[in-house]
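Reviewing the structure listed below.
Nothing in this text is a laboratory measurement; each read-out follows from the coordinates by a stated rule. Since the model is a prediction, treat every value here as computed from it, not as a measurement. Note that each Cβ is placed from the backbone with ideal geometry, even for glycine, and that neighbours are counted across all protein chains shown.
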């Protein structure tokens, strides 16, 4: 047989996680860094540092908390298995003696997930769970294992006297040994031999076996008295219960596994729960309902901001709205307080409302609100919906308490929850995976989410109200309905487009359509929706707006005037018409049609805004499909006749009027007492009240005064005059480092590879003496120059030690291009670019030795 025909020798098994990572290709390293982005912040210098960082407690905890239930169960089984464990041993712990086809089919995927995330390394015959994960998941008296298993015989007998161990051997029918180590080994061998242990258990009475049955699925610890009952004494004498502390006993892991038929978990869950349909509707009905909600959402936000146009509620000292102001807002919007909090928070997150920054700080609309109003309705909705998807502000928390028992208020601090965007995306992704028109059963949806991100700890799992992710999911379903992303519980077509999900295929007649039907779901966990780039977000928003636009009602350019001083808008109005009616009339009722009522105060408001009686007559005649009723024309003329007859200006304040009789009437009116009026001249009254209070007081008395400037001109006031300075919307609080994109991953992997090569490659310095891998070479200036010049001629890469201007030392693999003027220009493999280094900052140089 020639040398070429010889079979290749198998690669040596990795001895550490660093060696296992070193054997991975670039695609596998990219998958690791993508699944655990905290490992890349900052970029590790080499694979050894990457392995060290992957084993830190904070990083491992974060990785474990993002596993699905079956992957977590697999890691928990490895934590109670031997170290290392074989694949067969792991399969036995997961499927039991009888086997489970579903577990056998899903275990490779779960193990692959753990390997990808560097929580498990090694071949199938030597599986190793990283030490930190084993410490977190392995059982202990302080932290029982989630599997319910206790310590091994070896761990439980660590503090037991040798004489007591020999007594247990004798009672169990085993020969005595000369030392405790061999005695524990003999007892372990007995408990791991299924036939011998079965025979030992068969000789126990039923009441003793009942004790074991109570402990078998955990917790494995129990309490005993100083003089235990006979049924307990039998178990203690045979080592089936072992003392761990005074009055405390534990069921050894080997015995529990035998009683469990080899299973580490009572109920392995290899397959995610199926999402069931509560109802199924026609897609057209879903889209129409969602479009109606989208229109209502726009109208609600506009109504909120109009209510705050001239300055909204004051800002609390600690930030946010007071409870009283939130109640007033809820009454104004005619919605419950939690819903009002949602709209307020949405407007704030979208940058439409902010604090004005004045001394008497208040909330008001921002300049961005005016720009938002000029956009088409569908685009305005897409902006709100995209903001909601990405926001970490969580309005559902309003009214609760924080960790320091402080009340959480709308627009106040403490409402950011970094998990909110991920949960919203995941809920909508599950909706997008269903057939068109299918509204899921909420409980089945929550069960699926809990499987994908299981809770850490049985107490929190029992107390659902304290599970933030469950509450976020419930809030997502209700908020999506309010916003019009869903209709009747099902994802709308424009909501699907906003998410970036593909449009569904038409359903066949055989597919389920009734309540309770199980809907198609993937049997493997679907990863969280990846963050869209800004360009992809803009494209998704444009698509959603395009799909929504035909479903929204077309704005009207007319109203129906009626003889009872009302106007009926049979649908949404065009922006100029709606703005003018908001000034000229008061909204009396809303719904499918909006009813406006004209009053003397509303007409005076229009005159104060600079309109004349003729302007109002022309406006109504142009925009009414019915003739202008005579009572309305009389109302406008009557108010206009008296408007501005009185003039109020600033002295403290004053009133002037050419009609002395009218001023005499005001002075004689008892209601004017609080204004502190006194006559300065036949046509002028002075007041102690400020101009605003004086205007309001006279209007309350039934007059129609007009404000004037210091030059005597009538001041025109507009409802939208108050705006905050330009404000940027609040930035979402990220949940850990963002997932790196392909460009960053590629650059990081090149840097890690180059740094690892510099740290591990064998080297030979100029004097030929060996240099250990990772050791920083030290060479003289002459040796450095000669080695670099030789590398330029040969084109070979060298390894250098370099100290930058800040004094930070690093090691680099470079390919010198030229050496001149005290500098070396070289291609830096670590940075993947050409750089120039001063020779006096190079501490040493070594050639890379051939393998």
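In what sequence do 580, 94 fall when counting other Cβ within 10 Å, fewest first? Kindly include the intermediate steps, with their values, before the conclusion.
Values: 580 19, 94 27.
Listing 580, 94 from fewest to most nearby Cβ atoms yields 580, 94.
Helix 468-483 and the long axis of the chain differ in direction by around 30°, with both axes built from C-alpha atoms. Over segment 152-277, the ratio between the Cα radius of gyration and 2.2 N^0.38 Å evaluates to 1.18. Hydrodynamic radius of the chain by the Kirkwood approach over all distinct alpha-carbon pairs: 34.3 Å. Our summary gives the chain a relative contact order of 11 percent, counting only alpha carbon pairs under 8 angstrom and 6 or more residues apart.
What's the long-distance tail for segment 647-707, i.e. % of Cα pairs beyond 16 Å?
On the way: 556 of 1830 pairs.
In whole percent, the long-distance tail amounts to 30.
Highest mean first, how do 175-187, 425-437 rank when packing is the count of other Cβ atoms within 10 Å averaged over residues?
Working: 175-187: 15.5, 425-437: 21.2.
Listed from highest to lowest mean packing, they are 425-437, 175-187.
So how tilted is helix 742-760 from the main axis of the chain? Cα-based, degrees 0 to 90, rounded to 10. With both axes taken from Cα atoms, the answer is about 30 degrees.
Under the classification rounded if a/c is under 1.5, otherwise prolate if a/b is larger than b/c and oblate if not, where does segment 137-201 fall, given a ≥ b ≥ c as square roots of the Cα gyration tensor eigenvalues? Kindly include the intermediate steps, with their values, before the conclusion.
Details: a/c = 2.68, a/b = 1.42, b/c = 1.89.
Because a/c hits 1.5 or more and a/b fails to exceed b/c, segment 137-201 counts as oblate.
Packing order of peptides 381-388, 570-577, highest average first: 381-388, 570-577 (average count of other Cβ atoms within 10 Å over each peptide's residues). From helices alone, the chain scores -13000 deg cm²/dmol at 222 nm; the rule is -39500 (n - 2.57) for each run of n ≥ 4 DSSP H residues, then divide by the residue total. Oblate is the label for segment 29-165, because a/c, from the alpha-carbon gyration tensor with a ≥ b ≥ c as root eigenvalues, is 1.5 or above and a/b does not exceed b/c.
Using a Förster distance of 56 Å, how high is the FRET efficiency between residue 809 and residue 690, based on the Cβ-Cβ distance and rounded to 0.05?
Details: r = 70 Å, r/R0 = 1.25.
Computed FRET efficiency for residue 809 and residue 690: 0.20.
Peptides 630-643, 121-134 ordered by packing proxy, namely the average of other Cβ atoms within 10 Å per residue, highest first: 121-134, 630-643.
Let me check I have the definition right: for segment 560-642, take the eigenvalues of the Cα gyration tensor, multiply each by 5, take square roots. What are those semi-axes in whole Å, largest first?
On the way: eigenvalues 73, 35, 28 Å².
Gyration-tensor ellipsoid for segment 560-642: 19, 13, 12 Å.
Taking the C-alpha atoms only, the angle from helix 420-432 to the longest principal axis of the chain is near 90 degrees.
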